[in-house]
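Report on one structure; see the data block that follows.
Only the coordinates and a few stated rules stand behind these numbers; no lab work does. Source: prediction; values computed, not measured. Here Cβ is always computed from backbone atoms with ideal geometry, including for glycine, and neighbour counts include all displayed protein chains.
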């Protein structure tokens, strides 16, 4: 699988080269390299996790675009349980419809995921997910309405359906953005979901952009809070699938993006998550740091 990741990374670079050769030079391109590391606190089974990835994105005249990314991660376990090394592929395509009839932009997007790991049970291995999304934003850019769905297929007789409605609102002369979203998740086989047949959660996030030179070279500040429960969630913000079973019972994160010259930026995020493992009657938490270095082309 490591060879596949190298090959996909090469394809991303080739795609970037091909787009760069576009005579009209109307493409905006971004390449991001990310790293994630964290530990599980008071967890009976899980110990630590870390990983990294690369993603390439292209956007043509704000009309359509695509992304391709690959990740590699490792979860270590206690009590003699086998560690899980995981590789994932992310593909995304989007198209924007500009309509004077509705006086705004309709954004359509489809994300696809494929996950391959060495889980000896096979329960979290060979996972595929597709996540169509649609959003509306008026030309004024003062708010947005969005609806996302996701369907995830697992081995050993499990599929999961997810609906994610959301709302966004600009404030402070569009220097800030407030997002509110909900997660309604329904596994079709409760026996594979710790006896749970559905979960609900809400997530609130705030982002505030800073004027250039206002505070160090920071471009924006961001924070998010998730309340409720999620199981087998597809998170389209972080482009992640929670395919390794446990119930997520809340999370909080803070972060900022630093400008490094005119072409580079560094996103750094600190986060805390709470989980519950019904099989061991175990409630535990996770602390993590996420870094992503991006270059505009």
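Before moving on, here are some points about what is shown:
- Most simply put, the chain has about 100% antiparallel DSSP beta bridges, counting only bridges with both residues inside it.
- Averaging Cα coordinates gives a centre for the stretch 107-134 and one for the stretch 253-297; these two points are 20 Å apart.
- Ordering of 97-105, 65-73 by packing is 65-73, 97-105, highest average first (other Cβ atoms within 10 Å, averaged per residue).
- Two-decimal ratio, the stretch 149-212, of alpha-carbon radius of gyration to 2.2 N^0.38 Å: 1.60
- In degrees, nearest ten, helix 2-20 long axis to first principal axis of the chain (Cα): 10
- Kirkwood Rh, angstrom, the stretch 38-128 [1 / mean 1/r, Cα pairs]: 15.9
- Highest-fluctuation residue, 75, 278, 231 considered, GNM on the chain with Cα pairs under 10 Å: 278
- Here the Gaussian network model covers the chain, with springs between Cα atoms less than 10 Å apart; of 280, 167, 90, 280 fluctuates the most.
- Relative contact order [Cα under 8 Å, 6+ residues apart], the chain, whole percent: 13
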